[in-house]
Structure formats: C-alpha cells, structure tokens
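Here the structure comes first, spelled out in structure tokens, and everything after it is commentary.
The values are calculated or read from the model by the stated rules, or taken from the named source; none is laboratory data. Note that the coordinates shown come from a computational prediction; the quantities given were computed from them, not determined experimentally. Note that each Cβ is placed from the backbone with ideal geometry, even for glycine, and that neighbours are counted across all protein chains shown. Just the protein is used for accessible areas: all its heavy atoms, side chains included, with ligands, DNA and RNA removed. Shrake-Rupley method; radii C 1.70, N 1.55, O 1.52, S 1.80 Å.
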Amino acid sequence: MTWNWEAFATAEPDLAATVEKRFGAFTHHTLATLRKDGSPRTTGLEVRFLNGELWLGMMPNSLKALDLRRDPRFALQANPGPGTEMAGGDVRIAGRAVEVRDPVTVARYTDTVNPPDPDAFHLFRAELTEVVRTFIEDEKYLAVQLWRPGAGVRVTRRT
C-alpha cells in the first residue's frame, strides 16, 4: 500500500497537523534529490497540501524535476525560519515523487495555486516513506517523532 498525505493524516492527525503548520509558516523549503551519479542535490521548493496530497511543483526541465523523473526518491525539510527557535520543531518528509500529467488533476492544481506558467511546469505528488519531527520537549528532552508506513509514530527522547 502506498501512503499519500491523506492516508498519513488520517492515521496520525496530530503529527500531520504539526507538519502542515511548520511547512505553512514559510514559503520556501529544501528538497533533496539524487543526481545521475547518485550524489545528493539540494534545492529550494514550494510545497502544497491540497486535496489529500502533498504536491511538489517545479519549473519545466529544472534539474530537480529531471532528478525525480530518473529516481523518484526525495527528502524534504521545512524551512527552519530565522534564529534558533524553530517553533513546532524541525520537520522532514521522505518518499517517492510520482509525476502527475492527468489534465484534470493538473488543472485543479493550477486553479488553486496559480503557477507562473500554468502550461509549463512539472507536478509531482508524494508517496510517503517517512515523516520526522524533532523538537524540545518540556525544556528537557530532545524528542524525535518518527512515522513510517504501517508502523505508527515512534517517539524517542534524549537528555
């Protein structure tokens, strides 16, 4: 079974809400993809949580889009924001990006998002393999919430 955002949010609503809030706090985030030679590439990206999906939209023939077409694995980290506070913690999502070319789906996305050129962009939806939140709990612990498909959320704490 593949896990889209809706399946994850249904299974883990509290963590999903926290992750969406962290991504919603800033516009630009960091995407990691794999180059042809297997080395990592990081780039900026805007993401959207719409219609039960996590969407990744990209300019035509951008290197990150070409990377994902070749190897769909990705990691996405929410912008930590200014300073060292990271209200809500540090959140990351990993998974596989599936390119969407269905005209109806693409039109629904463009009607909502209004990309710069609605006729020329790559649209990917995320199939999740991991969601992680790291935060300070009770001003004492470094807490890590880790979710993987079928396993639920596991929490570890370090002092």
Checklist entry - Rounded, prolate or oblate: which fits the range 1-41, taking a ≥ b ≥ c as square roots of the Cα gyration tensor eigenvalues, rounded meaning a/c under 1.5, else prolate when a/b beats b/c? => result oblate
Item to check | Dipole-positive endmost among Leu68, Thr105, Gly95 within the range 5-131 (Cβ charges, Cα centre) | outcome: Leu68
Next on the checklist: I need the peptides 7-18, 132-143 ranked by packing, meaning the mean over residues of other C-beta atoms within 10 angstrom, with the highest value on top.
Outcome noted: 7-18, 132-143
Checklist entry - For labels at Val153 and Asp119 in the simple 7 Å Cα→Cβ model, what's the distance in nm? => result 4.5
Item to check | Anchor Lys140: lysines whose Cα lies under 26 Å away (excluding residues fewer than 8 positions away in-chain) | outcome: Lys21
Item to check | Charge dipole magnitude, Cβ of K and R +1, D and E -1 - the chain, Cα centre, debye nearest 20 | outcome: 540
Next on the checklist: List residues of the range 44-64, by number, whose backbone nitrogen lies under 16 Å from a label position 7 Å along Cα→C-beta of Lys36.
Outcome noted: 61-64
Checklist entry - What are the lysines whose alpha-carbon lies under 23 Å from the alpha-carbon of Lys64, with same-chain residues fewer than 8 places away excluded? => result Lys36
Checklist entry - Just by accessible area at a 1.4 angstrom probe, what is the order of Val106, Val153, Val19 from largest to smallest? => result Val153, Val106, Val19
Checklist entry - If you take the charge dipole of the chain about its Cα centre, with +1 on Lys and Arg Cβ and -1 on Asp and Glu Cβ, which of Gly57, Pro149, Trp5 is farthest toward its positive end? => result Pro149
Checklist entry - Given q = 0.14, 0.15, 0.18 Å⁻¹, what are the Debye log10 I(q)/I(0) values for the chain, with equal point scatterers placed on the Cα positions and solvent ignored? => result -0.72, -0.82, -1.15
